[in-house]
1. Does segment A:124-133 contain at least one residue that is within 30 Å of residue B:178 (Cβ to Cβ), in contact with a helix residue (DSSP H, G or I) (Cβ under 7 Å, 6 or more places away or on another chain) and within 14 Å of chain B (Cβ to nearest Cβ)?
2. Restricting attention to segment B:169-181, does a residue exist that is touching a helix residue (DSSP H, G or I) at 6+ places or on another chain (Cβ under 9 Å), at positive phi and either surrounded by 13 or more Cβ atoms within 10 Å (Cβ to Cβ) or of a type in the set (S, T, N, Q) (or both)?
3. Here are some residues: A:104, A:150, A:146, A:167. Which one is farther than 17 Å from residue A:21 by Cβ and at pLDDT below 90?
4. If you go through segment A:98-123 one residue at a time, how many are in contact with a Phe, Trp or Tyr (Cβ under 9 Å, 6 or more places away or on another chain), over 24 Å from residue B:116 (Cβ atoms) and either at the interface with chain B (Cβ under 9 Å from one of its Cβ atoms) or not aliphatic (A, V, I, L, M) (or both)?
5. What residue, of A:76, A:127, is modelled with pLDDT of 90 or more, under 19 Å from residue A:22 (Cβ atoms) and among the small types (Gly, Ala, Ser)?
6. Exactly one of these conditions fails for residue A:163: (1) farther than 18 Å from residue B:179 by Cβ; (2) of a type in the set (Gly, Ala, Ser); (3) under 23 Å from the mean Cα position of the chain (by Cα). Give me its number.
7. Got a sec? Which of B:183, B:193, B:176, B:157 is within 13 Å of chain A (Cβ to nearest Cβ), closer than 30 Å to residue A:19 by Cα and under 16 Å from the mean Cα position of the chain (by Cα)?
8. Which of the residues belonging to segment A:100-131 are surrounded by fewer than 24 Cβ atoms within 10 Å (Cβ to Cβ), small (Gly, Ala, Ser) and touching a residue at least 60 places away in the same chain (Cβ under 8 Å)?
Amino acid sequence: MSKLSLITKGFVKDNPTFSLVLGMCPTLATTTSAMNGLEMGLATMFVLILSNIVISLVAPVVPDKVRIPVYIVIIATFVTVLQLLMQAYVPAVYETLGLFIPLIVVNCIVLGRAEAFANKNSVVDSALDGLGIGIGFTMSLTVIGIVREILGSGSVFGWKFIAGDGILAFVMAPGAFLVLGYLMVLFNKFLAKK
Amino acid sequence: MGEYLLIIISAIFVNNILLAQFLGICPFLGVSNKLSTAAGMSGAVCFVITLATVVTYLLNSYVLAPFGLEFLQTISFILVIAALVQMVEIVLKKVSPSLYQALGIFLPLITTNCAVLGVAITVVTKEFAFGGTASHLLNLGEATVYALATSLGYGLAMCLFAGLREHLALNDVPKAFRGLPIALITVSIMAMAFLGFSGMV
């Protein structure tokens with residue numbers, strides 16, 4: 001597989017949200033606005049790339065039986081690094097995303113890529129895979145965020161184009177499920193190759 | 001006593017862990033095809049969430065907090081949860097083989113259920129205010145009740161949804177909607193119904 005297709009396969013074919021349907025919790029919870037979705041995607045991408053790199057390095061020496069705990073510890077380490085960095089440099093973002101930053105540890109995308117890709121591929125390939133899947137995840141979250149922000153608050157990336165409130169339900173819980181459901185329908189209809 | 005009641009109502013209905021807080025969605029969508037598996041999963045999750053919350057709460061207040069090691073919460077909690085799930089599995093296998101048979105396949109999955117880690121982190125970091133009391137961190141009793149009620153809310157939403165989904169499976173759904181999309185739209189309507197509880201507490 002060429003290096004470029006390693007990155008681009010995460011966009012549509014192996015898109016973590018719409019095609020693999022992994023990591024649903026942050027997808028639904030943090031996409032109240034386009035900016036929040038984008039930030040959550042980038043935070044996950046950070047952990048995904050670094051953990052993929054380290055796991056592909058240690059995979060040959062880790063006994064098969066204890067590999068999952070080892071992967072989880074590696075992922076948790078990078079999540080802690082991310083938490084400390086965000087608290088130091090972007091405390092406002094850390095406040096908004098809240099609980100969902102530590103919960104990157106149990107995001108099935110990260111562990112899923114470790115299991116499915118990083119533990120049997122080279123370092124460079126694993127890093128590119130992390131980058132591709134990370135970009136795919138960020139794109140999906142941003143798209144969901146844009147749709148919910150337009151309908152829910154009448155703005156895009158904080159730029160308001162209507163006076164007053166939008167349809168409040170789209171910022172709240174039901175809107176998250178509804179928008180994801182309908183976007184998935186569109187994805188199945190037009191993008192997914194069967 | 002009244003405060004405990006408020007915690008229970010708010011955790012089950014108002015801030016339902018699945019429909020309002022979005023924790024543990026993956027197993028929710030994954031095993032809700034049949035009511036019996038959904039009930040099995042809910043039972044296992046209920047057990048692990050309550051146990052894990054008590055253990056991580058004690059770990060946090062007697063080991064991490066006194067030494068100023070709160071930044072290790074994420075990494076130590078996930079290890080505790082993983083070990084606990086493993087232990088529960090071993091104990092159940094010996095003590096109650098029938099329960100192990102029923103819950104068996106779900107137990108390993110629970111380690112990566114974000115509801116478990118989510119509740120464990122929430123009770124040690126978030127300040128709550130119930131029924132006019134000043135906002136405060138939960139004590140051990142409240143934390144246990146909160147964890148138990150939250151996981152009952154998980155079970156409630158899970159079983160309701162599995163019931164709906166069993167009926168959904170018999171219907172003729174447009175091709176692009178089949179599977180998850182229609183399930184998500186159904187959840188959305190359920191979440192709307194649960195919004196009706198907000199303002200109760």
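1. Checked against the condition, which is being within 30 Å of residue B:178 (Cβ to Cβ), in contact with a helix residue (DSSP H, G or I) (Cβ under 7 Å, 6 or more places away or on another chain) and within 14 Å of chain B (Cβ to nearest Cβ), segment A:124-133 yields no hits at all.
2. If we filter segment B:169-181 for residues that are touching a helix residue (DSSP H, G or I) at 6+ places or on another chain (Cβ under 9 Å), which is where we start, we get B:171, B:173-181.
Checking which are at positive phi leaves us with B:179.
Adding the requirement that they be either surrounded by 13 or more Cβ atoms within 10 Å (Cβ to Cβ) or of a type in the set (S, T, N, Q) (or both) leaves B:179.
Yes, that holds for at least one residue.
3. On the way: A:104 fails: at pLDDT below 90; A:150 fails: at pLDDT below 90; A:146 fails: at pLDDT below 90.
Result: A:167 is the single residue among A:104, A:150, A:146, A:167 that is farther than 17 Å from residue A:21 by Cβ and at pLDDT below 90.
4. The total comes to 1.
5. Details: A:127 fails: under 19 Å from residue A:22 (Cβ atoms).
Selected residue: A:76, the only one of A:76, A:127 that is modelled with pLDDT of 90 or more, under 19 Å from residue A:22 (Cβ atoms) and among the small types (Gly, Ala, Ser).
6. Residue A:163 satisfies every listed condition except (3).
7. Details: B:183 fails: under 16 Å from the mean Cα position of the chain (by Cα); B:193 fails: under 16 Å from the mean Cα position of the chain (by Cα); B:176 fails: under 16 Å from the mean Cα position of the chain (by Cα).
Checking each option against the conditions leaves just B:157.
8. A:112, A:122, A:127 - these are the residues of segment A:100-131 that are surrounded by fewer than 24 Cβ atoms within 10 Å (Cβ to Cβ), small (Gly, Ala, Ser) and touching a residue at least 60 places away in the same chain (Cβ under 8 Å).
The values are calculated or read from the model by the stated rules, or taken from the named source; none is laboratory data. On a predicted model such as this, the values are computed, not experimentally measured, just so you know. Note that each Cβ is placed from the backbone with ideal geometry, even for glycine, and that neighbours are counted across all protein chains shown.
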